[in-house]
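Working notes, structure below.
The values are calculated or read from the model by the stated rules, or taken from the named source; none is laboratory data. Predicted, not measured: the structure shown is a model, and the values here were computed from it. Every residue, glycine as well, gets a Cβ built from its backbone with ideal geometry; the counts of neighbours run over all protein chains shown. Quick note on the areas: whole protein, heavy atoms, side chains included, nothing else; ligands and nucleic acids left out. Shrake-Rupley method; radii C 1.70, N 1.55, O 1.52, S 1.80 Å.
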Amino acid sequence: SVRQRVLSGVQPTGNLHLGNYLGAIRNWVEGQSQYDNFLFIADLHAVTLPHNPAELAKNTYTLAALYLACGLDLTHSTIFVQSHVPAHTELTWLLNCITPLNWLTDMIQFKEKAVKQGENVGVGLLDYPVLMASDILLYEPDKVPVGEDQKQHLELTRDIVNRFNYLFAKPDQPVLKLPEPLIRKEGARVMSLTDGTKKMSKSDPSELSRINLLDSADEIAKKIKKCKTDPTRGLEFDNPERPESNNLLTLYMLLSGKTKEEVTTECQDMGWGQFKPLLTETVINALKPIQEKYQAIMDDRGYLESVLRHGKHKAEAVANQTLAKVKAAMGY
Ligand code: ADP
Ligand code: TRP
C-alpha cells in the first residue's frame, strides 16, 4: 500500500477519559482515512500492575466497543487485541536479550510506577517498554501517535531498532524499521479538573479529576461545576499562572470544533459562572453520539467478537512476517 502505516494502542485498565480520547483515539479517527491503521488493545500491558481477571476481560471488550463508538471503522483500521497475536510476546523475549538493563531502569514511567508499588514491583513493569517496542516493530509503522507521556518509550524503541540492526543486519539492509512518534500539541496533555498542574489520569484517586467518556450528563455537570478555577476575571489561553483557564478553554475548543481565535473572542470576557455551563453543554453534546453508539455495540456481543477475530487474522499476517525476519537474522 502507498498509504503510510500508523500503529497505536491503549491499555484496557478502566474507563477511558477525555485525556485518552483527545490525546489518542480522536487523533486516530481524524487521520484514519489517510493511513493504513493498526490499532490494538494492550491487554498484556494491563497486567504489569496488579489486576483483577474479571475486570480485565470486561475492560478489553469495553475498550474495543469504545474504539468503534469513537469512529474507527474496519475499512481503514485493523482493530485487535494484543494477547490474540502471540508474536508480541515472542518478539519481546528476543528483544529482551539485546536490551541493556539500564535502559529500562532509566524509564521515567517505570520509576514513577515502581515507587508506588513498593516491594511488589513485577519484572513485567520493568519490561513494559520492550513489549511496547515489540508491539510497534512487528507492524513496521511509519508513525506512532501517542500522548506526550509515551515519548520516552518511543525513543527507547528507536534505540532498540538501532541496536538490533547494528548487531544482526547488514549495514544497507535493516531488519527492523525505525518508527516516528506522532505527538499532537493540542490535547497532548489534558489536565486534571481538580489540579491544573497534573495530567488527567485513570490512576488519579479522585473521580472528580476526570471526565470519562461514559459519564452521564449529570456526572459531567457535577464534575465541571466542582472543578478548580481561579479568582482572576476573564479567561485566557497559555498563561502559565492560570493552568485551569488554559485547560478548560482547550477542552472547549477541541470539543466544540472552534478555533483558538474564535474561542478567545467568545470567552475572554466571560466569568467562570458563564463559561462552566457552556463547557458542560459542549462536553455532553460531544460525548452523546459516542455513548449511543457504544451502547448499540455492547448489545451485540457477537458482532464485537467477529470484529476482533477479523482483526487478529489481519494483524497476524503482518506480525508473523516481521517475526520470521527477526528470527532468521538472529540465527533461528
Ligand atoms: P492513564 O494515565 O489515564 O492511565 P494511559 O497511560 O492508559 O492513561 O494512556 C492511554 C493513552 O492516552 C496514551 O496514548 C496516552 O498518551 C494518552 N493520554 C493519557 N492521559 C492523557 C492526558 N491527560 N492527556 C492527553 N493524552 C493522554
Ligand atoms: N504504553 C501505552 C500506554 O500506556 C500503550 C501502548 C502499548 C502503546 N503498546 C503500544 C502505544 C504501542 C503505542 C504503541 O498508553
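Compare K258, K202, K151 in a GNM of the chain, Cα atoms joined below 10 Å, and give the one with the largest fluctuation.
Comparing K258, K202, K151 in the GNM, the peak value goes to K258.
State whether region 1-109 is rounded, prolate or oblate according to the following rule on the C-alpha gyration tensor (a ≥ b ≥ c being the square roots of its eigenvalues): a/c under 1.5 gives rounded; otherwise a/b larger than b/c gives prolate, and the remaining case gives oblate.
oblate
Using alpha carbon centroids, what distance separates region 220-256 and region 44-113, in Å?
Value for the Cα centre distance between the two parts: 32 Å.
Given the options C97, C70, C227, which has the most mean-square fluctuation in a GNM of the chain, springs set between C-alpha atoms less than 10 angstrom apart?
Greatest mean-square fluctuation among the candidates belongs to C97.
Any number yet on Rg/Rh for the chain, C-alpha, Kirkwood?
Using Cα coordinates only, the ratio equals 0.99.
Using a 1.4 Å probe and counting only protein heavy atoms, arrange M191, M200 so the residue with the most accessible area comes first.
M191, M200
In whole Hz and in residue order, list the ³J(HN,Hα) couplings for region 217-223 that follow from phi through the Karplus curve 6.51 cos²θ - 1.76 cosθ + 1.60, θ = phi - 60°; x for Gly and Pro.
For region 217-223, the Karplus curve yields 4, 5, 5, 4, 4, 5, 5 Hz.
Can you flag which of K116/K276; K199/K288; K116/K151; K58/K288; K143/K202; K116/K223 are past 29 Å Cα-Cα?
K116/K276, as the Cα separations exceed 29 Å there.
Enumerate the amide H contacts of E180 below 5 Å, restricted to partners 5 or more residues apart or on another chain; note that Pro and chain-start residues carry no placed amide H.
It is K143, V144, by chain and number.
Provide W93, W103, W28, W272 ordered by accessible surface of protein heavy atoms (probe 1.4 Å), highest first. Could you put the intermediate results ahead of the total?
Working: W93 160, W103 70, W28 5, W272 35 Å².
Order by accessible area, largest first: W93, W103, W272, W28.
If you line up the long axis of helix 151-168 against the longest principal axis of the chain, both from Cα atoms, how many degrees apart are they, to the nearest 10?
Rounded to the nearest ten degrees, it is 10.
Show the residues, 5+ positions off or on another chain, whose built amide H is closer than 5 Å to the amide H of I41.
Under 5 Å from the amide H of I41 lie the amide H atoms of F80, V81, Q82, each far enough along the sequence or on another chain.
Report, in degrees rounded to the nearest 10, the 0 to 90 angle that the Cα long axis of helix 243-256 makes with the longest principal axis of the chain.
Helix 243-256 and the main axis of the chain meet at about 80 degrees.
When ligands, DNA and RNA are left out and all protein chains stay put, how many square angstrom of accessible area per residue does region 35-137 have with a 1.4 Å probe?
Value returned for region 35-137: 40 Å² of accessible area per residue.
Using packing as a proxy for protection, rank 236-245, 154-163 so that the peptide with the highest average count of other Cβ atoms within 10 Å comes first.
Final packing ranking: 154-163, 236-245.
Skip the ligands, DNA and RNA, and give the accessible area per residue of region 207-332 with a 1.4 Å probe, whole Å².
That works out to 54 Å² for each residue.
Going by amide H atoms built from the backbone, whose H comes under 5 Å of the H on K199, apart from near neighbours?
Here S192 satisfy the definition.
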